[in-house]
Amino acid sequence: MQLQGIDLIIFGVYIVGVILFGIWIANREKAATASDYFLAGRSLPWWAVGGSLIASNISAEQIIGMNGSGFELGLAIATYELMAAITLIIVAKFLLPVFLKKEIYTMPQFLEERYDGTVRTIMSVMWIALFVFVNIATVIYLGALAIEQLLDVPLYMGIIGLVLYSACFSIFGGLKAVVWTDVVQVVVLLLGGTIAAWGILSFVGDGSVFAGISELYRALPGHFEMLFEPDDTFISKAATTELATGVDFAGNPTELVAGDEIQSSFNLLPGMALLLGGMWIVNTYYWGFNQYIIQRALAAKNLPEAQKGIAFAAFMKLFIPFFAVLPGIAAYYLLVEKGIDVDIDKADQAFPWVLGNYVGEGFRGLTFAALVAAIGSSVSSMVNSASTIFTIDIYNKFINPGASQKRQVTMGQIAAAASLIIGAIVAPQLAGAGQVFQIIQEYTGFLSPGVLVVFIFGMFYRRGTSKAALVVILLGVPLSLFFKFIMPDLAFLDRMALMFLISSALMIGLSAVTSKGGGVAKNTATAEGLVSDMKIRNGIALIVIVIGLCTAIRLFVQPVPGVPDWAVYLFGILSVAVLALIYTDKQEDDYKAIDLEPSLFRTRMGFNIAALAVILILALIYGFLA
């Protein structure tokens with residue numbers, strides 16, 4: 001069902017209104033300096049930080065992509081949202097204070113201050129490529145897919161429309177225009193998403209949302225399983241369609257054979273790895289070291305304001321599965337239990353189908369506007385961050401080191417426009433994909449384990465050297481591809497855990513042979529006013545245990561078909577070796593190590609209460625469902 005009548009009017013009025021609002025903000029708050037354009041003058045209040053974090057995060061890959069995964073896999077995909085809540089608390093308490101202390105603009109800038117310019121430059125290039133070719137392209141594609149279904153226009157027109165919409169406030173207004181439009185759009189997003197979920201769940205429950213959820217839980221217990229077993233499978237809607245038609249989504253003869261539509265649920269969401277293992281790499285990288293996310297917190301008025309904003313975002317994350325997963329499960333229920341013709345060719349079309357068929361007139365236009373709002377917010381955030389990294393870390397450093405503030409702003413605008421255009425060109429290439437959300441996670445996972453190690457060890461491991469960090473970054477992607485090739489049945493979250501262990505071992509071992517020293521006795525465990533060396537070692541060891549050792553133990557007690565025994569032993573050996581290296585390392589502190597005072601990590605009572613509440617809610621959810 002396409003939008004028409006009052007729905008089209010509401011949708012059009014909203015889109016035009018947001019564009020005009022963004023242009024007004026951009027002109028009223030003209031960015032005169034780089035700080036204004038890239039960090040909103042470091043003036044954001046907590047509610048703007050929290051709202052913008054959610055608006056930037058929740059986009060087409062969540063609303064469309066996660067509902068698609070909910071359609072095929074079930075509620076387990078919500079782990080990305082639920083575990084993100086506790087990750088946000090950890091980021092606010094332990095990581096953000098270090099970044100704000102260094103007063104940085106970008107993540108690569110931090111890497112130069114801790115390591116050297118080479119590490120900064122390489123990571124800048126990698127991040128820009130990831131933002132443009134993976135993040136921006138996939139969000140634009142998924143948004144255009146929804147527009148294609150609901151407005152009955154070609155995919156390319158949806159892509160062009162999204163590019164123009166995002167450009168209106170992401171290019172000219174900088175971060176301030178992006179954030180203030182985010183504040184508006186997150187309200188519409190939450191309202192519209194709730195309306196969509198309410199509509200289909202009420203239909204399933206004969207007028208009652210709660211009865212609808214109860215009916216889904218009764219009829220589809222497998223779709224409410226939070227921790228998969230190695231033999232759990234699902235049927236891919238995209239592969240089913242391709243086999244039925246005989247051609248792929250590009251129109252070429254299919255290469256699939258009967259049985260290819262049956263795929264492993266465990267390979268995508270490998271059981272306990274969602275709680276103890278690779279999921280911590282995904283979430284910590286995304287919320288702690290991802291430029292377009294952390295940039296909001298860096299723009300806060302001060303640390304307490306940033307921490308309040310992040311805690312606010314953590315609570316909102318707990319609600320998001322209601323409209324980002326349950327509608328997809330409901331669509332699957334209508335297909336298999338009620339025999340209703342769910343007219344979709346692939347899973348990622350489930351939410352647009354729900355929107356077109358189970359949201360009332362008028363509300364349909366508002367909900368679709370919310371979806372476009374989410375897409376616009378995320379694309380704008382990614383574009384702004386890509387332009388920030390290019391301008392600060394590449395243009396200012398190599399092309400025009402003496403650039404004026406005005407010139408930096410202009411270059412940021414040019415880089416933002418280029419990012420949008422390239423992302424739009426790449427977007428149509430994703431037309432043959434099934435669950436695009438999972439594609440984003442896997443391709444990001446080639447980079448994230450090494451990045452996590454470089455940052456965590458850079459912040460808390462005083463002996464880490466720039467040469468060691470450089471090797472870890474350079475080897476990360478090729479090693480990930482190598483293990484994907486030789487162990488295709490190893491779940492990508494487990495492969496990320498393996499790469500984390502290898503990167504950690506390389507970081508410690510290479511630092512030992514490339515150390516220049518320079519640290520003095522004041523920075524050891526006996527120093528007054530600094531976090532003790534043993535506490536830091538214990539903290540890093542805890543991270544290794546949660547990510548690496550727990551994965552090793554799980555693979556020992558829960559063998560995965562297709563994963564060779566030697567790989568399981570490799571996990572165990574690497575875990576023990578890294579822990580041994582952490583506690584036996586005697587080298588001198590690196591001369592660029594960061595001094596960490598205990599006071600840096602003290603948080604206010606309100607934040608502590610919020611953190612405890614988030615943990616208790618998560619415990620109740622998993623206690624009931626798992």
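The values are calculated or read from the model by the stated rules, or taken from the named source; none is laboratory data. Quick caveat: nothing in here was measured; it's all calculated off a predicted structure. Cβ placement follows ideal geometry from the backbone for every residue including glycine, while neighbour counts extend to all protein chains displayed. The area values use the complete protein model at the heavy-atom level, side chains included, leaving out ligands, DNA and RNA. Shrake-Rupley method; radii C 1.70, N 1.55, O 1.52, S 1.80 Å.
When only Cα pairs under 8 Å and 6 or more residues apart are kept, what is the percent relative contact order across segment 528-581?
Reported relative contact order: 44 percent.
Is the chain best put as rounded, prolate or oblate by its Cα gyration tensor, with a ≥ b ≥ c the root eigenvalues, rounded for a/c under 1.5, and otherwise prolate when a/b is larger than b/c, oblate when not?
oblate
For the ranges 544-553, 457-466, 154-163, what's the packing order if you count other beta-carbon atoms within 10 Å of each residue, average per peptide, and put the highest first?
Top to bottom by mean Cβ count within 10 Å: 457-466, 544-553, 154-163.
Express in whole angstrom the spacing between the alpha-carbon centres of segment 576-598 and segment 455-495.
First find each Cα centre; the distance between them is then 18 Å.
With charges set only on the Cβ (+1 for Lys and Arg, -1 for Asp and Glu), what does the dipole of the chain come to about its Cα centre, in debye to the nearest 20?
Roughly 2620 debye for the chain.
Net charge around ALA273, counting only other residues with Cβ within less than 10 Å of its Cβ (Lys, Arg = +1; Asp, Glu = -1)?
After counting each charged neighbour, the total is 0.
For segment 368-500, what class follows from the C-alpha gyration tensor (a ≥ b ≥ c being the square roots of its eigenvalues): rounded when a/c is under 1.5, otherwise prolate if a/b is larger than b/c, else oblate?
oblate
DSSP loop (so not H, G, I, E, B), at most 15 other Cβ within 10 Å: list which trypsin sites (Lys or Arg not before Pro) in segment 284-336 pass both filters.
Passing both the DSSP loop test and the Cβ count: no residue.
May I ask you to give the solvent-accessible area per residue for the chain, in square angstrom, as obtained with a 1.4 angstrom probe?
Value for the chain: 36 Å² per residue.
Per DSSP helix of 4 or more residues, -39500 (n - 2.57); summed, then divided by the residues of the chain. What does that give at 222 nm, rounded to the nearest 500?
Computed mean residue ellipticity for the chain: -21500 deg cm²/dmol.
With each label point set 7 Å from Cα along the Cα-Cβ vector, what nm distance links ARG218 and LYS101?
5.6
Find out how many positive minus negative residues lie around PHE607, taking Lys and Arg as positive, Asp and Glu as negative, among other residues whose Cβ is under 9 Å from that of PHE607.
+3
So what is the relative contact order for the chain, in percent, with contacts set as C-alpha pairs under 8 Å and at least six apart?
26
Just to verify a number: FRET efficiency for LYS535 and LEU475, C-beta to C-beta distance, R0 = 22 Å, to 0.05?
Using R0 = 22 Å, I get an efficiency of 0.15.
With a cut-off of at most 13 other beta carbons within 10 Å, and DSSP calling the residue loop, which trypsin sites (Lys or Arg not before Pro) in segment 320-414 qualify? Please list them.
LYS338
In percent, how large is the relative contact order of segment 265-423, given Cα pairs closer than 8 Å and 6 or more residues apart?
In percent, rounded to a whole number, it is 17.
Percent of accessible area on segment 216-300 owned by carbon and sulfur, 1.4 Å probe?
Result for segment 216-300: 58 percent of the exposed heavy-atom area is carbon or sulfur.
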